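There's a structure below that I have some questions on.
The values are calculated or read from the model by the stated rules, or taken from the named source; none is laboratory data. Keep in mind the model is a prediction, meaning the values are calculated, not measured. Here the Cβ positions follow ideal geometry from the backbone for every residue, glycine too, while neighbour counts run over all protein chains shown. Note: accessible area is taken over every heavy atom of the protein model, side chains too, but ligands, DNA and RNA are not part of it. Shrake-Rupley method; radii C 1.70, N 1.55, O 1.52, S 1.80 Å.
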Amino acid sequence: MLQHFWWGSVFLVAVPAMALLLLTGPVLLPEFRSDQAGRLDPASVGLSLAAVLLMVYGLKQLTVESVPVVPAVALVVGAAIGSLFVRRQLRLETPLLDLRLFRNRPFTAVLVALVFAGIAMAGTGLLVTQYLQSVLGFSPVASAVLFAPMGLGVAVGTITAPALARRVKQTTAIAGGLVASALGSLLLVGVDGASALPLVMIGIAVLALGTGPLFALGTGLVVGSVPPERAGSAASMSETGNYFGGSLGFALLGVVAAVVYRSRMDGTSDSLAGAIAAGRSLPAGQGAELLHAAREAFTAGLHLTGVIAAVIFAGLAVLVLIMRPATRTTPAALPEYEATRS
């Protein structure tokens, strides 16, 4: 789609499938509701959306605005709205997001791992796809094919995770996979010159493969670490956590890479895409020099992103082992819920 149409076309691909789902879903996927299910809280929905959108906007605009007043205000207002959202959830009897579940250490460990794994994967994915196109010069179609090892790695890691869990503890499988992801991230630090493409492909494949046990087993650990009546809320939070992490990854690691790029370019270019466009209008020698400097600066940002992702994955491996999520915890083992139920 990017090869022949404008960037927004990628969002239109999903429209037919979603339309079909909306039409057939109510019939083929009947909804199950608990007798104790509460009503949707529109105020909580609005607060959560406002907080996330303002903070992501503020982070992204910090690298664009020459005077960072507006982004700073957006971040402060977003944080304030987020605080109101948290306070509201703690007061409601049936909250939109049950923050009381975070009192459970196993639940917290896996959910934090899902969020930060999303940050690391989204950030590296963003930089790698741009690197393939703008630094190595591949077309969007070729870049998509070369980026396929990341998706295939997640698929293989997820499929093989249950078999691995039968041989070792689930927490050990998850932690081991995260260590592998850290090693894959470190391969991106060596990306440069003639060896760039093989290292990129191997790095993203190993990184993605290592996350498979977390994605395959993490939801089960999250659901198994809370009382049965809280399982639905826990499962929804685990799903939301990974996607939320992905959004943060685009914003946070994208900002970090942009800062590295601009510092390396000494203010002569704001982005690699801008440098490529400017290079076309310059004399051959100057244009080639600008493009070389811009690509080196962008590569430096990719290197730092690899280091950050490696630190995140290694830290998550330690967290999962220390917190030791249980495979199944009964309600009686959770004092806070026992007190609530009584």
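Here is a check on your reading of the model: is F298 under 26 Å from A196 (Cα atoms), among the aromatic types (F, W, Y) and modelled with pLDDT of 85 or more?
When the stated conditions are applied, F298 passes them.
Identify, by number, the condition in (1) open to solvent by 60 Å² or more (accessible area, probe 1.4 Å); (2) over 24 Å from D270 (Cβ atoms); (3) at pLDDT 90 or above that V73 doesn't meet.
(2)
Further question: If I go through the range 270-285 residue by residue, how many of them are in contact with a Leu (Cβ under 7 Å, 6 or more places away or on another chain) and in a loop (DSSP other than H, G, I, E, B)?
1
Just one of (1) open to solvent by less than 60 Å² (accessible area, probe 1.4 Å); (2) more than 30 Å from A180 (Cα to Cα); (3) at pLDDT below 90 trips up G78, so point out which.
Only one criterion is unmet by G78, namely (3).
Do we have A278 as open to solvent by less than 20 Å² (accessible area, probe 1.4 Å) and at pLDDT 80 or above here?
no
Each row is one residue, and each column tells you yes or no for (1) open to solvent by 60 Å² or more (accessible area, probe 1.4 Å); (2) at pLDDT 95 or above.
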| site | (1), (2) |
| --- | --- |
| V154 | no, no |
| K169 | yes, no |
| A180 | no, yes |
| S185 | no, yes |
| S195 | no, no |
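In the set T94, T108, T124, T129, which member is among the β-branched types (V, I, T) and crowded, with 20+ Cβ neighbours inside 10 Å?
T124
Here's something else I'd like to know. Give the range 209-241 a look and list any residue that's open to solvent by less than 40 Å² (accessible area, probe 1.4 Å) and without any contact (Cβ under 8 Å) to a residue 12 or more places away in the chain, or say none.
Scanning the range 209-241 gives a single hit, A231.
If only one of V206, V259, V223 is assigned to a helix (DSSP H, G or I) and more than 25 Å from A113 (Cα to Cα), which one is it?
Just one listed residue meets the conditions, V259.
How about the range 20-64: which of its residues are more than 26 Å from R87 (Cα to Cα), surrounded by 12 or more Cβ atoms within 10 Å (Cβ to Cβ) and modelled with pLDDT under 85?
Within the range 20-64, K60, Q61, L62, T63, V64 meet the criteria.
Related question: From the set of residues in the range 197-225 that are polar (S, T, N, Q) and farther than 29 Å from G137 by Cα, which is modelled with the highest pLDDT?
Among those residues, the one meeting the criterion is T219.
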